[in-house]
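The values are calculated or read from the model by the stated rules, or taken from the named source; none is laboratory data. Keep in mind the model is a prediction, meaning the values are calculated, not measured. Neighbour counts run over all protein chains shown; Cβ positions are idealised from the backbone, glycine included.
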Amino acid sequence: TQLLEQSPQFLSIQEGENLTVYCNSSSVFSSLQWYRQEPGEGPVLLVTVVTGGEVKKLKRLTFQFGDARKDSSLHITAAQPGDTGLYLCAGYNQAGTALIFGKGTTLSVSS
Amino acid sequence: GAGVSQSPSNKVTEKGKDVELRCDPISGHTALYWYRQSLGQGLEFLIYFQGNSAPDKSGLPSDRFSAERTGGSVSTLTIQRTQQEDSAVYLCASSFDGMNTEAFFGQGTRLTVV
């Protein structure tokens, strides 16, 4: 069974701080996706990383895919209250029939 | 509509009753997924449809749960004889072809079993 483990589970920081969220697995994934979910809404895709070692930047968010394609990280620079939410990593199972999610990191940024 | 639509948005039901949750995917999307999310938790996969067939039902937690999809479009998730542990948010997602593509989610149905 392919599992994705995220850490930390909860993160509470002040505006302007930097943070990193991790997503790890013992399985290889062809790609990993990062979603952000706000209360009362469904998850929304932020980015998909496909190539081992790949780094993608989305404004203040930097996503990295591990060389072995078993792990990924999300780094936020100078966090803002608008970054508050549940961050989820996800990857398709080997059969391509299910998008498997980690349990998520709940981020709270206070001003 | 432009996005994935789910109804109802909230459902309160008595223990033992049956409920039906509806999902309208994005037009043209052949892949459709159902997930369950407990408070503050990640998403638990329930079932995957490609067209009208369900090649992966491995996430359905018991035989009280079933789902169907008709016309390659609307899907219904049915929970029979609901239990309190069924209380959760049920999310539906669709993607263009299910082949490692982006999944678009609805806002979910919050089910409360009392």
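A few remarks follow.
- Considering only residues in the range A:4-22 that are out of contact with any Gly (no Cβ under 8 Å at 6 or more places or on another chain) and aliphatic (A, V, I, L, M), the one that is surrounded by the most Cβ atoms within 10 Å (Cβ to Cβ) turns out to be A:VAL21.
- Answer from B:THR82, B:THR76 - the residue that is touching a strand residue (DSSP E or B) at 6+ places or on another chain (Cβ under 6 Å), farther than 26 Å from A:TYR92 by Cβ, at pLDDT 95 or above and among the β-branched types (Val, Ile, Thr): B:THR82
- Any pair with Cβ under 8 angstrom, 6 or more apart, that starts in the range B:18-46 at a residue that is under 25 Å from A:GLY85 (Cβ atoms) and away from every other protein chain (no Cβ under 12 Å) and ends at one that is among the charged types (D, E, K, R) and part of a strand (DSSP E or B): B:LEU21/B:LYS11
- Filtering the range A:96-111 to residues that are of a type in the set (Gly, Ala, Ser), more than 7 Å from every other protein chain (Cβ to nearest Cβ) and either touching a helix residue (DSSP H, G or I) at 6+ places or on another chain (Cβ under 6 Å) or more than 20 Å from A:GLU17 (Cα to Cα) (or both) leaves only A:SER111.
- Residue check, B:GLN6 among the polar types (S, T, N, Q), at pLDDT 95 or above and buried (at least 20 other Cβ atoms within 10 Å of the Cβ): yes
- Qualifying positions in the range A:20-47 - more than 8 Å from chain B (Cβ to nearest Cβ), part of a loop (DSSP other than H, G, I, E, B) and either of a type in the set (Ser, Thr, Tyr) or touching a Pro at 6+ places or on another chain (Cβ under 8 Å) (or both): A:SER25, A:SER26, A:SER27
- Residue in the range A:23-40 that is at pLDDT 95 or above, of a type in the set (Gly, Ala, Ser) and more than 20 Å from A:GLN94 (Cα to Cα) present: no
- Selection from the range B:32-59 of residues that are touching a strand residue (DSSP E or B) at 6+ places or on another chain (Cβ under 6 Å) and among the aliphatic types (A, V, I, L, M): B:LEU32, B:LEU43, B:LEU46, B:ILE47, B:ALA54
- Residues within the range B:38-57 that are within 19 Å of B:VAL89 (Cα to Cα) and among the small types (Gly, Ala, Ser), tallied: 3
- The residues in the range B:85-114 that are in contact with a strand residue (DSSP E or B) (Cβ under 6 Å, 6 or more places away or on another chain), closer than 16 Å to A:LEU99 by Cβ and of a type in the set (A, V, I, L, M) can be counted, and the count is 3.
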